[in-house]
């Protein structure tokens, strides 16, 4: 039976008013080098987002998250960043930003199945 392997993850945060430093967790990105795994999950809980910021633009937020997803998956439509190797894409995705899309610090952990771990983190930290 294989042992646990190191993974890294960050929480994707929507920050509608950067100057207030308030955010809503909308996704998780997870990288596990040994399993050759880089993926993310996100959700747009309309009620929660509307309550947090009544003037938010759902289409703009969805577009930002879709762009992150294209880069994460290495899709050609994600541009030149998406063409980078997975470790570099993960580092780019988790770089510090002062925009409406920010990520938490990168956190390490151990897992046996990166996909199941991503599901668990998403359900725990976002939903």
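Computed from the coordinates by the stated procedures, all read-outs in this text should not be read as laboratory data. Values in this document were obtained by computation on a predicted structure and should not be read as measured data. With ideal geometry, Cβ positions are generated from the backbone for all residues, glycine too; neighbour counts draw on all protein chains shown.
Key figures for this structure:
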| read-out | value |
| --- | --- |
| Residues of region 90-104 that turn out to be part of a loop (DSSP other than H, G, I, E, B) and either in contact with a strand residue (DSSP E or B) (Cβ under 7 Å, 6 or more places away or on another chain) or surrounded by 16 or more Cβ atoms within 10 Å (Cβ to Cβ) (or both), as a count | 3 |
| Lone unmet requirement of (1) out of contact with any helix residue (DSSP H, G or I) (no Cβ under 7 Å at 6 or more places or on another chain); (2) surrounded by 12 or more Cβ atoms within 10 Å (Cβ to Cβ); (3) not in a helix (DSSP H, G or I) for residue 115 | (3) |
| So residue 126, is it surrounded by 15 or more Cβ atoms within 10 Å (Cβ to Cβ) and closer than 21 Å to residue 30 by Cβ | yes |
| The lone exception for residue 39 - which of (1) within 17 Å of the chain's Cα centre (by Cα); (2) part of a helix (DSSP H, G or I) it fails | (2) |
| Region 69-86 - residue that is in contact with a helix residue (DSSP H, G or I) (Cβ under 9 Å, 6 or more places away or on another chain) and more than 15 Å from residue 40 (Cβ to Cβ) and, of those, surrounded by the most Cβ atoms within 10 Å (Cβ to Cβ) | 84 |
| Any hit, region 78-89, residues being over 14 Å from residue 26 (Cα atoms), in contact with a strand residue (DSSP E or B) (Cβ under 8 Å, 6 or more places away or on another chain) and part of a loop (DSSP other than H, G, I, E, B) | no |
| Verdict on residue 30 being surrounded by 15 or more Cβ atoms within 10 Å (Cβ to Cβ), farther than 18 Å from residue 107 by Cα and either touching a residue at least 40 places away in the same chain (Cβ under 8 Å) or more than 12 Å from the chain's Cα centre (by Cα) (or both) | no |
| Restricting region 56-68 to residues that are touching a residue at least 24 places away in the same chain (Cβ under 8 Å) and in contact with a helix residue (DSSP H, G or I) (Cβ under 8 Å, 6 or more places away or on another chain), the residue that is nearest to residue 43 (Cα to Cα) | 61 |
